[in-house]
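Heads up, the thing below is written out as structure tokens.
Read-outs throughout are calculated quantities, based only on the coordinates presented, and are distinct from any laboratory measurement. Everything quoted here is computed from the prediction, not taken from an experiment. Cβ sites come from the backbone with ideal geometry, for glycine too, and all protein chains shown count toward neighbours.
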Amino acid sequence: MLSEPNYAGNIIVILANLPDFLRTPILKKRMLEFFEMTEPDKKELINNALEAAPAIPFLNFSKLFKTWLEILTTLPEDQRVGLFLAYLNEICENPQKLIAFYLDGILEIFLSLDKEKQEIISQSVKKIINSFDVEKKRKLLVIIPDNAQKHLKF
């Protein structure tokens, strides 16, 4: 397991500082490795990512997050849903982790994608959230800002 030190966090910081032509292929490779990991390692990686990301200057984070979203739109739906589901489950278990994020900025990054990519991501996120039980769905929707819910059409 990736517990000490925060390898995922270190990788995120490095990726955030890379130029686009290097960041995209490296990030895609790392994202595909996620699906080969054990469940405890996936959980640890997500926890580390959620802890490291808010510490990255937002300009660098925004480039990294946009690249992550763009790569997600190229993955098969089952992988895209699997990755989003893993993050959403962790956020539901630990909603305080989302508080450190600049959520309006994250929404702006999402809105900077072309409409087709926005729709791909929206459909995957809606599919996951609609599959949650009432309590888990309520918990998640409480922490998602209203303007983001509007764009996801909840």
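A few remarks follow.
- Top positive-direction residue, dipole computed over the chain with Cβ charges, set S124, N17, F84: S124
- Whole-number D in µm²/s for the range 104-151 (Stokes-Einstein; Kirkwood sum over Cα pairs; 37 °C, 0.692 mPa s): 285 µm²/s
- Taking Lys and Arg as +1 and Asp and Glu as -1, the other residues whose beta-carbon sits under 9 Å from that of N47 total -1.
- Protection proxy ranking, peptides 76-82, 10-16, average beta carbon neighbours within 10 Å, highest first: 10-16, 76-82
- Of the two radii for the range 7-152, the radius of gyration is 0.92 times the Kirkwood radius, both from the alpha carbons; that is the Rg over Rh value.
- Measuring nothing but how far apart in sequence close Cα pairs (under 8 Å, 6+ apart) lie, relative to its length, the range 7-152 scores a relative contact order of 26 percent.
- Computed Kirkwood radius, in angstrom, where 1/r is averaged over Cα pairs of the range 36-99: 12.7 Å
- The range 7-152 - charge dipole about Cα centre, Lys and Arg +1 at Cβ, Asp and Glu -1, debye rounded to 20: 180 debye
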